[in-house]
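The values are calculated or read from the model by the stated rules, or taken from the named source; none is laboratory data. If you're wondering where the values come from, they're calculated on a predicted model, not measured in any experiment. Virtual Cβ from ideal backbone geometry, glycine too; neighbours counted across all protein chains shown. Surface accessibility is based on the protein's heavy atoms, side chains included, excluding ligands, DNA and RNA. Shrake-Rupley method; radii C 1.70, N 1.55, O 1.52, S 1.80 Å.
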Amino acid sequence: SMLSLQWLWSILFLNSITLSFRPYICCQKSNLSSRYAFADSADSNAMQKDFVQQTLNRALTSHRSGDLNDAVKAYEEVIPYVSDSVKASLHGNVGAILNSQGSNEKAMFHFQSAVESDTKSSSAHFNLAVILTSKFELHKKALKHCLIALRLDPSNYKVLHLMGNIYQNIGRNEEAEKCFSSADKLVRENEDNKSQNIESDNSGEILHEKLIIMKMKEDEVLSFTIEGETYYLKCLSQKPLIVVVDNFLLPQECQHIMSAVQDSLTQSFVTGGGIGEDANAEPYRSSYNAWLPQDSTLSTIKTRLSALLGIPMSYLVQKSEDLQVVKYENGGQFKVHHDSSSFQKRFVTALLYLNDVSNGGETWFPFAAANRDSTEGIVSTEDAISRSLLEFNSKKAHNTLSGLKVAPRQGRMALFFNHNISGDLDPLAVHAGLPLSSNSCDNIADNLNGSNPLEKWIANYWIELDLPFLLSCYNNE
């Protein structure tokens, strides 16, 4: 969405609610003006209008700043006094907050209330569909609301993509593929229209000045001191841009993240992938994952990430997804893929390693640094993935793969940029999680006595690309 700087005072864009089976966050944004939100009636006197205006402003301010509990309280105070269409937006905002905090039942109530308040709101039906399928596995009900949302807004490609997710999750792959194809077509049409109607601006130049990390050269090291601790950022590759920070996480933070998801891990799912593959073929992705709502430990980590990236916390609050936590076991891998897409533009990936792995499990960047010569002729993500898979499948020994491999070390963070500063997707940012291997003598011995089962734990934040909003956050710091 192209946002004006006035957004910070008058517009709230609904935070995304998330899918437990994504690699891409499915989101629906609705906007709400803090002006003229009250219900027009003869009984609405000036005092009531002032109350509505002040309370709504408080809700928006608290939501933007991350004071989510106060935002919920203020939203709920003002809901009875506004028109039905505004009620739908406010219920949606409350539902999004509660969903991010893991309060699924309460979130469901508010998303249902949004639909009841405005049955003609496409975004209300969409958000209800997301939580129905992702949190309660009520896929048929979710599809019903998807169809209503699509009828109300046929141009909404996110609804089509969600339907593809649902169909794929219930094994209806042919229908899923049609939905993904239709969604992709809509996205490309929208992008073509934007390129014709939007004049070029200097946002990329401004961001290049703000984001110091994007100016780093290969092998360059930058140091940042945050709350008395010094962190060293080393650039391993300039194109694609990959930066590593050792000891970004404390051991107790790593343990907290792993412990928090132990009971909620489910088999990982690849959105839009695997359709038409040989059932006997090696899985493209073999892992378990969960999504961790914000808590005090994660807030501390995200504040640290904001300082290192040079991206305002106000932006990360609105534009980063919940922390994804992934567990790999012996042989587990995620073959070559790209984190961003036309559906969900993920500007940067912050990949966090939660434990040490002694054999295998590296993150492989086929076209980074030492493998520049192989990039000739690559013009798309599909080209990059295809060429990388050819190399991967032709080499039995993964230590002979070209490019860059980042080894899993507890507390380490790898930052890599999926888009360049102008917002264009960088196909060279494709990467893979290489298979875990128990071939080393130490691993075999440990596995036999049960003292160290072979596992790899990672977590990641994905930060969305919204250049106008990011600029507005910088201007309002």
- line: Expressed in nanometres to one decimal, the distance between label points 7 Å along Cα→Cβ at residue 225 and residue 455 is 3.8
message: Rounded to the nearest 10 Å², what accessible area does residue 189 have for a 1.4 Å probe in the complete protein model?
response: 80
statement: Taking a crude spin-label model, label points 7 Å out from Cα along the C-beta direction, the residue 399 to residue 329 distance in nm is 2.7
message: On a 1.4 Å probe surface of the protein chains, which of 387, 346 comes out largest in accessible area, and what is the full order?
response: 387, 346
query: Tell me, in nm to one decimal, what length is gained between residue 389 and residue 218 on full extension, where the rule is 0.36 nm per residue of separation less the Cα-Cα distance?
result: 59.0 nm
Relative contact order, percent, the stretch 54-213 [alpha-carbon distance under 8 Å, six or more residues apart]: 12
query: If packing is taken as the mean number of other Cβ atoms within 10 Å per residue, what is the order of 225-231, 336-342, 120-126, highest first?
result: 120-126, 336-342, 225-231
